[in-house]
Amino acid sequence: MRGLVFLGAAVVLFALVGAGWAHFGHRAGDATLLHSGSEVTVGLDANAPQSLDIRTVQGKELDQALIGNVYETLVGRDQNNKLVPSIAKSWDVSKDGLNYTFTLNPDMRFANGDALDSTDVVYSLQQVINKNYVGAEDLTGLKSVKNPDTSTVQISLASPNPRLLRALSSRAGIVYDSASNVNYAKQAGGSGPFTIHSFDPGNSIVFTRNPLYWKQQAASSQMTLRYFDSADALNKAMKGGEIQLAVLSPSDSPKAFQNNKKYDVSKGLTTSKVVLALNNNPDSIFSDVRARMAVRYTLDNQAIVKSQPNAAATLNGPISPLEPGYDDLSANFPHNADEGRNDFNYFGPDYIGDVTFLVPTEYTSLGKQIVNQFQGTRLNVVMQVVDDDTLARRIANGDYKMAITTMQGSDDVGAFANGTFGYQNSEAQQDYRNALASSNDIDYQQNLRSYAKTVSSDAASAWLYTESSMVAADNKVTGYPRNMTDELLPLRDVRTK
C-alpha cells in the first residue's frame, strides 16, 4: 500500500459548512448530561509509551490506552471482540464484497468542538494510506473512498477483503480531525469520551472527561494511567492506595491480588495464545508428522491450564475463542501418554538426539512442566531459558527444536500458511487463500475453520492455552472491562461508588 495515491474523483472532500455551536448543543434528556467528580488511577503492567503518536508508533500499548478513550474508530468492537457501531451507526456490503457503504451518526464532534462527519473519515483513511501510518497494511485492495454527503462514506475495493471491517475497528479506522493541527506526540485530535490532560513519557497519562462528547459522557471526571514493571509493583501500589484498578499483563499471576479481600479480581479472555512451537524444517525431527503427533498426544493441556495461573482455557488450534473462525478442536489429539510414547518409539534414539527447548523467562514454570510431561519418552528435552530478543532471533534462524512463544490475535492466524516455524502444507495454504478471498463474513469464517482444522490435524505445532485478561479492582470501583484488556481498555464507564 506504500505510495498509494487517490486519484481524481475517487476521493471527494466536503467542506464543513454551517457547523455552528447551536447545532451541537445537548439535547433535552440526553444521557451526556451525566456528571461525576470520580477520579480513578489505573495501574498497568505494560511498556510505558514514550510518545502518544498512534499514527506512527508501533506496539499495542497505545491501542490499549487511546482507542475507545481518546480516539474512536469507524467501526467498533465490544468486549467479546464482535463488531459493533461506532462512528458509523450502520454499514452495508455488496454481494461481491467490493463495495461498502457506511452511514454515520448525526451530530458528532471532536473534543475541540469541531464537527465530525464524512470529510474526516475520508481524510483519515487517505492519511493512513498515503503516509503509510501503522495499520496501512490492513487496507489491502482499497480502490476508492467517497463521501457523497456528510453522513455517508463509500469504500470500493479492487478485490474482496473480508477483514476490512475488523481493520476499521483498529488503528486503520481511527477518525482524526481534518481541521486540527495538534502535536500528536503529546496531544490528540480525537472524538472519544476523554481528552488528554497531561502526558509524562515513560510514566503516566492523565485523561479528563470530554464535556463535548457526542454520546454518554465518561462516568469519571479524570482517569490516570500509571505504568509499572511487574505485577508485584502493581500489588504494592494497590496496597498503598496509589491506584484503584490494576491491569495485569497476560503472563502475570493474579495470586497476590486474590489473597486480598479488598480487591475484586476478574479473569477474562484475551486473543493471546501460548504455543509450543515445533521446528518443521528438514533438519528437525518435527519435520515428520508422526513426531509432531507424538508431542500432541503426550502433552496434558488440561493439567497445564489448571497449574498456570494466567491460563484461561485450553487451545487446540491456531484460532482462539474470541477470534473469527473459532471452532472447538479439542477432539484432535486428546491426552494419551501411551500413544505418545508409542509414536516416539517409532524413531530410534540416535535419530531423535537432544531436543533444544527454548523458554522465555516469564514462562519458566510452564517450561519445567512440559519437560516433566516428556519424561518417560524417547524425547531428551534440553530446556534453555532465554530473553525475548534471543527467543525471536533463534526462532527466526531455526536454532531450536521446540519453543514456547505467544501468538497475538487475528494478525497471527495465518502464520501456518506462511511458512512460520518451517511448516509447509499446500492444503492449509489453499484454505487460507480461500478465506482471504471470501466476499462475505460467513464464507470467511467457514474457510478459516477449514484452515484451522487442517493445521491442527497435521499437528503443525502444539497449542497450549489462551491467556487470561486479568484485572484487580478496589471493591469500590465499577464499570471496568474484563476481556481483552491487554489490547483494548475502554474506561468510559469506570468510576468509584
Residue-wise, which Karplus ³J(HN,Hα) couplings in Hz belong to the range 197-214, taking 6.51 cos²θ - 1.76 cosθ + 1.60, θ = phi - 60°, and x for glycine or proline?
8, 7, 9, 10, x, x, 9, 7, 9, 10, 9, 10, 4, 8, x, 9, 4, 7
Keeping all protein chains in position, work out how much accessible area Ser287 exposes to a 1.4 Å probe, and write it in Å² to the nearest 10.
50
What is the distance in Å between the Cα centroid of the range 171-207 and that of the range 90-151?
19
Net length gained if the chain between Ala337 and Ser180 were fully extended (0.36 nm per residue, minus Cα distance)
50.2 nm
With each pseudo-label sitting 7 Å past Cα toward Cβ, what's the Glu39-Asn105 distance in nm, one decimal?
2.8
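How much length is gained on full extension from Lys262 to Asp493, taking 0.36 nm per residue of separation minus their Cα-Cα distance?
81.1 nm
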Tell me, what is the percent relative contact order of the chain, built from C-alpha pairs under 8 Å that lie six or more residues apart?
21
Could you tell me how many degrees, from 0 to 90 and to the nearest 10, lie between the Cα long axis of helix 289-298 and the main elongation axis, the longest principal axis, of the Cα atoms of the chain?
80
Going through the cross-link list Lys306/Lys368; Lys95/Lys453; Lys261/Lys497; Lys239/Lys476; Lys262/Lys497; Lys82/Lys476, which pairs have a Cα-Cα distance over 20 Å in this structure?
Lys95/Lys453; Lys82/Lys476
Rounded, prolate or oblate, given the Cα gyration tensor of the chain, with a/c below 1.5 counting as rounded?
oblate
Surface accessible to a 1.4 Å probe, per residue, for the residues of the range 160-221, Å²:
32
Residue-span extension gain [Asp229 to Gln127] - 0.36 nm each, minus C-alpha spacing
33.3 nm
In whole Hz, with x marking every Gly and Pro, tabulate ³J(HN,Hα) for the range 356-366 from phi via Karplus 6.51 cos²θ - 1.76 cosθ + 1.60, θ = phi - 60°.
6, 10, 8, 10, x, 3, 5, 10, 4, 5, 5
Which distance in nm do the two modelled labels at Ala437 and Val57 give, with both placed 7 Å along the Cα-to-Cβ direction?
4.1
In degrees from 0 to 90, rounded to the nearest 10, what is the angle of the helix 388-397 Cα long axis to the longest principal axis of the chain?
60
Report, in debye and to the nearest 20, how large the dipole of the chain comes out about its Cα centre when Lys and Arg carry +1 and Asp and Glu carry -1 on their Cβ.
800
Simple spin-label model, 7 Å along Cα-to-Cβ: Lys95 to Thr152 in nm?
2.1
Cα to Cα, under 13 Å, and not fewer than 8 places away if on the same chain: which aspartates and glutamates meet these conditions relative to Lys255?
Asp232, Asp264
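The values are calculated or read from the model by the stated rules, or taken from the named source; none is laboratory data. Worth saying up front: this structure is predicted, and the values here are computed from it rather than measured. Backbone-built Cβ (ideal geometry, glycine too); neighbour counts: all protein chains shown. SASA here: full protein model, heavy atoms, side chains in, ligands and nucleic acids out. Shrake-Rupley method; radii C 1.70, N 1.55, O 1.52, S 1.80 Å.
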